[in-house]
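The values are calculated or read from the model by the stated rules, or taken from the named source; none is laboratory data. What you are looking at is a predicted structure, and each value in this text was computed from that prediction instead of being measured. When we count neighbours, we look across all protein chains shown, and the Cβ atoms used for this are built from the backbone with ideal geometry, even at glycine. Accessible surface areas use protein heavy atoms only, side chains included; no ligands, DNA or RNA. Shrake-Rupley method; radii C 1.70, N 1.55, O 1.52, S 1.80 Å.
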Amino acid sequence: MTRARPTATHWGNYLVDTAADGTLSVTPHGDDPHPSPIGRSLTALHDPAHRIARPAIRLGYYRDRAAADPTLRGREPFVEVDWNTALDIAADALRTARATAGNRAIYGGSYGWAGAGRFHHAQGQVHRFLQLFGGYTASVDTYSFAAAEVLIPHVLGMNAYVAARQAPSTEEITRHCARIVFFGGAPQRNTQVNPGGVGAHPGPGRLTALRGAGIDFIHIGPVRDDCDPALDARWIPCRPHSDAAIMLALLHTLITEGLHDHAFLDRYTTGFDRLAEYVTGRGDGVPKSPEWAAELAEIPADEIRALARLMARERCLIGLPYALQRAEHGEQSYWAAWALAAALGHIGLPGGGVLMGTGIGMTNNMQRRYLPFEIGGLPQPGNPVAEFVPVARLTEMLERPGGTVDYNGRVLTYPPIDLIYWAGGNPFHHHQDLNRLRRAWSRPRTVIVNEISWTATARLADIVLPTTAGAEREDFAGGRTDHWLTPMRRALEPYGQARDDYAIFAGLAERLGFAERFTEGRTARQWVEQLWRTTVDNAAAAGIRLPEYADFRAGAPLDLRPQLPESPHTLEQFRDDPQRHPLRTPSGRIELFSRTIAEFGYPDCPGHPAWFPPREWLGSPAAQRFPLHLLSHQPATRLHSQLDHGVISREAKIRGREPLRMNPADAATRGLRDGDIARVHNDRGALLAGVRISDAVRPGVMHMATGAWYDPLNPSDPESLDVHGNPNSVTNDIGTSSLAQGPSANSCLVEAERYDGELPPLSVGTPPPLVDAGSIR
Ligand SMILES: Nc1nc2c(c(=O)[nH]1)N[C@H]1C(S)=C(S)[C@@H](COP(=O)(O)OP(=O)(O)OC[C@H]3O[C@@H](n4cnc5c(=O)[nH]c(N)nc54)[C@H](O)[C@@H]3O)O[C@H]1N2
Ligand SMILES: Nc1nc2c(c(=O)[nH]1)N[C@H]1C(S)=C(S)[C@@H](COP(=O)(O)OP(=O)(O)OC[C@H]3O[C@@H](n4cnc5c(=O)[nH]c(N)nc54)[C@H](O)[C@@H]3O)O[C@H]1N2
Ligand SMILES: [Mo]
């Protein structure tokens, strides 16, 4: 055995060791009381069935370069070439794209989580490289939180993540909060993960503390175990997407029974009168009463009324997972939740208000102590191209060059994309309606992908550049919402001929004439040390002492918590003195009516929270043909699509297919039994999944994780069956609304039936067909 080396991932810190026969072993770091089992999947890192060993060029592209037929992408073998050839071809493609259509024709949004290290972060690398190359069309916002990212600044005058950090600590909740009302629960599985790294997982212990505090937990949502059983929450199984209606009806009860907090509303909010007009029906003749909502949500009106009274009685926290806004009109449930909290008057009091991002936030690591400094990152010189698209409008951008799209009060024009460069993300996992993306993806002349593994995205590229994984690099990790800084040593040798993203971009920059500006003359190791020095300096300015790099590198992960000051909450300061600490909204207050949004004039997002029936939900006409609502959630067994081939993810699959949970009644009417393979379909596509029958899922709903590698049975068929079970084979690719244009992954109706045919083999379990350059003439 060699000595185990420390590495860091978005789901925890581990020690990695290699036995003489090459097998890997992974041990969680001793500082972590509840390590994530996902770490065990790291043993698959050197799996030759999934790793990309050598640079590879699609056959037609190898022959014809940018003149190759782009519609053959994903249907031809790859030619394995040496690095010089691959980098020459990629540099040529970049030059050609820039010369024909300008830098705006290069799409470099490259959304994705990549790995955890600060220097080797793929997005930082690709963006810096493309900026120095003259720029690229960028993306804004995230698949996680787009609707809130655009809405919350209008309502609260602050960044949505800053607002999410106003979350009370576990201790404040246990001391001051009488009741938490969750819309969609607080899935503990999601607390395994933290962007940038997580030194320890205190979550389960905090849950026990919450449980012991005598808090009344209420969970309104379609899936019972979204709330950890340890909380023993009362479950109100509503239809998915009825949350905004329920919140408006709760408001209706508060208003009609005079239970709303007049003093709070008068002093701290604007526009309550406009909202109240809508809620009571004075505006449109439709009172948003409990009876009205009961029909939409399929829960008893009396239960809504009783809940409103309970919420008004004592300190109450409203909890929302991000998932709620990953839906058509996702802005509305989030806005309505803040309006409801304002009417209750608990905003800015300890243990009250709104907690956004429940699973990841409720037992979060920070507990009010956020890093008061920036961790060093690769410098970004600035993007000379000003054009951008909302991140989830990817397909539309490729489909409609020159077309326009509304976004947050602006009209954006889609640039004509000639070349896509992706590093550190997997759009053929994360984007909605993958069959539609596959068609649009065949428009640009060139697609370059830096990847570790043969993901669907790599298979759909022209130029595939094999990248090292985090455990194969020296770096350090640190998340913005974590209080640990972790050294990463090279725990494994790079697989095959894989290179760091940095080395790949340095090689391209050299060919394109800006090597010196890209590298600044530093080796990777020198950059890591430089970023550490920046971190040390930034920390020192905030009064926090960090060791020199050599000591840090040789030592254990650093827990900064004892040195972190308690962060004041903007909303508490605002509550204390709204004149001295106004919010940065036009009114200085919480905007329950936003003139700004109203003046955008969007028919799908008016000036106050409102109910809009989504196109796809159980209450829509479409449900007659497709009567099941498919909710796709974050996977318990992996990070998105990463290490889908690892042991933890694989063990949960059913005959190799992604599990799908459904209610016993829905299964029975379709003759489905536990362990069967189901074909899930709608007009957009079809997928195979393994059936798990569970009464934790409300009738009419199916619950399935994202991230199984998309595996179309026949890549020549634009509507092909996905034989592996990626929910985005059937999800709908529409914006949340004209305001945010966020992803609406959860607004998806389907039908399911038993799949009795012979089970098609998985092609993602082996590399695509590869040929040697020597055999081509
Ligand atoms: N239907 C549905 N779709 C969803 C969601 C949902 O709830 N439902 N959730 C959405 C959300 S919230 C998110 S955040 C996205 C996540 O979407 P992504 O962030 O795209 O998902 P990942 O699987 O993390 O993709 C990261 C990719 O980077 C690669 N990688 C890792 N390290 C490196 C590196 O160092 N260099 C390079 N070049 N590559 C590297 C990995 O192999 C992997 O393929 O998915 C979204 N999609
Ligand atoms: N293990 C693990 N943890 C992760 C990740 C991962 O990939 N793996 N990804 C991370 C990322 S990128 C993100 S953005 C976060 C955030 O993740 P979130 O978006 O907060 O969580 P999800 O798991 O997508 O969804 C939570 C639950 O919301 C419920 N839900 C969906 N729609 C509705 C609705 O209309 N009404 C109600 N009431 N409930 C609904 C679903 O049943 C679902 O289980 O998680 C992070 N945590
Ligand atoms: Mo996310």
Notebook entry, point to check: Out of all the residues in region 169-206, which are within 16 Å of ligand 1 (Cβ to nearest atom), polar (S, T, N, Q) and in a loop (DSSP other than H, G, I, E, B)?
Noted result: ASN194
Next item on the list: Count, please, the residues in region 148-159 that happen to be assigned to a helix (DSSP H, G or I) and away from ligand 3 (no atom under 13 Å from the Cβ).
Entry: 7
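Rundown of residues vs (1) part of a loop (DSSP other than H, G, I, E, B); (2) surrounded by fewer than 22 Cβ atoms within 10 Å (Cβ to Cβ); (3) more than 16 Å from ligand 1 (Cβ to nearest atom); (4) hydrophobic (A, V, I, L, M, F, W, C), yes/no style:
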{"site": "GLN380", "(1), (2), (3), (4)": "yes, yes, yes, no"}
{"site": "ALA386", "(1), (2), (3), (4)": "yes, yes, yes, yes"}
{"site": "ARG393", "(1), (2), (3), (4)": "no, no, no, no"}
{"site": "GLY402", "(1), (2), (3), (4)": "yes, yes, yes, no"}
{"site": "VAL405", "(1), (2), (3), (4)": "no, yes, yes, yes"}
{"site": "LEU412", "(1), (2), (3), (4)": "no, yes, yes, yes"}
{"site": "TYR421", "(1), (2), (3), (4)": "no, no, no, no"}
{"site": "ALA440", "(1), (2), (3), (4)": "no, yes, yes, yes"}
Notebook entry, point to check: How many residues are free of Cβ contacts under 8 Å to residues at least 60 places away in the same chain and assigned to a strand (DSSP E or B) if we restrict to region 641-658?
Noted result: 1
Next item on the list: Confirm whether THR481 is of a type in the set (Ser, Thr, Tyr) and open to solvent by 20 Å² or more (accessible area, probe 1.4 Å).
Entry: yes
Check: In region 659-680, what residues are assigned to a loop (DSSP other than H, G, I, E, B) and of a type in the set (Gly, Ala, Ser)?
Finding: GLY671, GLY675
Item checked: Search result, residues across region 140-162 that are surrounded by fewer than 24 Cβ atoms within 10 Å (Cβ to Cβ), away from ligand 2 (no atom under 14 Å from the Cβ) and under 16 Å from TYR322 (Cβ atoms) -> ASN159, VAL162
Next item on the list: Select from region 261-277 the residues that are within 33 Å of the chain's Cα centre (by Cα) and within 15 Å of PRO582 (Cβ to Cβ) and list them in ascending order.
Entry: TYR268, THR269, THR270
Note to self: For a quick check of your reading: which helices (runs of 4 or more DSSP H) sit entirely within region 498-592 and have at least 3 residues that are touching a helix residue (DSSP H, G or I) at 6+ places or on another chain (Cβ under 6 Å) and under 30 Å from ASP31 (Cα atoms)?
What the structure shows: 524-541
Item checked: Matching residues in region 171-188 - criterion: being more than 16 Å from ligand 2 (Cβ to nearest atom) and crowded, with 22+ Cβ neighbours inside 10 Å -> ILE173, CYS177
Notebook entry, point to check: With respect to SER594, is the statement that it is surrounded by 14 or more Cβ atoms within 10 Å (Cβ to Cβ), among the hydroxyl-bearing types (Ser, Thr, Tyr) and more than 29 Å from the chain's Cα centre (by Cα) true?
Noted result: no
Notebook entry, point to check: Condition test on ALA233, is it open to solvent by 20 Å² or more (accessible area, probe 1.4 Å) and among the aliphatic types (A, V, I, L, M)?
Noted result: yes
Check: Residues ALA705, ALA696, ALA745: which one is aliphatic (A, V, I, L, M), out of contact with any Ser or Thr (no Cβ under 9 Å at 6 or more places or on another chain) and within 16 Å of ligand 2 (Cβ to nearest atom)?
Finding: ALA696
Item checked: Matching residues, region 399-419, being touching a Phe, Trp or Tyr at 6+ places or on another chain (Cβ under 7 Å) and among the basic types (Lys, Arg) -> ARG400
Next item on the list: Among what's in region 135-147 and is within 14 Å of ligand 3 (Cβ to nearest atom) and out of contact with any Lys or Arg (no Cβ under 9 Å at 6 or more places or on another chain), pick the residue that is farthest from GLY361 (Cα to Cα).
Entry: ASP141
Next item on the list: Look at PRO35 and say whether it is open to solvent by 30 Å² or more (accessible area, probe 1.4 Å), within 23 Å of THR23 (Cβ to Cβ) and touching a His at 6+ places or on another chain (Cβ under 7 Å).
Entry: yes
Checklist line | Residue match in region 700-708 (condition: more than 14 Å from ligand 1 (Cβ to nearest atom) and within 27 Å of ALA297 (Cβ to Cβ)) | finding: yes
Next item on the list: State the number of residues belonging to region 513-530 that are open to solvent by less than 30 Å² (accessible area, probe 1.4 Å) and in contact with a Lys or Arg (Cβ under 9 Å, 6 or more places away or on another chain).
Entry: 3
Next item on the list: Scan region 80-92 and give yes if some residue there is touching a Gly at 6+ places or on another chain (Cβ under 7 Å) and surrounded by 20 or more Cβ atoms within 10 Å (Cβ to Cβ), otherwise no.
Entry: yes
Check: If you check SER716, SER729, SER694, which single one turns out to be surrounded by fewer than 24 Cβ atoms within 10 Å (Cβ to Cβ) and closer than 27 Å to GLU76 by Cα?
Finding: SER716
Check: In region 111-135, which residues are under 15 Å from GLY479 (Cβ atoms), touching a helix residue (DSSP H, G or I) at 6+ places or on another chain (Cβ under 8 Å) and within 16 Å of ligand 2 (Cβ to nearest atom)?
Finding: ALA114, GLY115, ALA116
Next item on the list: Of the conditions (1) surrounded by fewer than 22 Cβ atoms within 10 Å (Cβ to Cβ); (2) in contact with a His (Cβ under 9 Å, 6 or more places away or on another chain); (3) not hydroxyl-bearing (Ser, Thr, Tyr), PRO627 clears all except one; give me its number.
Entry: (2)
Notebook entry, point to check: Out of all the residues in region 207-263, which are touching a residue at least 12 places away in the same chain (Cβ under 8 Å), farther than 19 Å from ALA308 by Cβ, part of a loop (DSSP other than H, G, I, E, B) and away from ligand 2 (no atom under 11 Å from the Cβ)?
Noted result: ALA213, ASP228, ASP232
Next item on the list: Consider ALA99 carefully, then state whether it is more than 12 Å from ligand 1 (Cβ to nearest atom) and of a type outside the set (Lys, Arg).
Entry: yes
Item checked: Hits in region 159-176 (condition: over 14 Å from PRO568 (Cα atoms) and of a type in the set (A, V, I, L, M)) -> ALA160, ILE173
Checklist line | Residue under evaluation THR137, criteria (1) surrounded by fewer than 24 Cβ atoms within 10 Å (Cβ to Cβ); (2) away from ligand 1 (no atom under 14 Å from the Cβ); (3) among the polar types (S, T, N, Q), criterion not met | finding: (1)
Check: Under the condition of being more than 26 Å from the chain's Cα centre (by Cα) and among the hydrophobic types (A, V, I, L, M, F, W, C), which residue from region 597-617 is least open to solvent (accessible area, probe 1.4 Å)?
Finding: ALA598
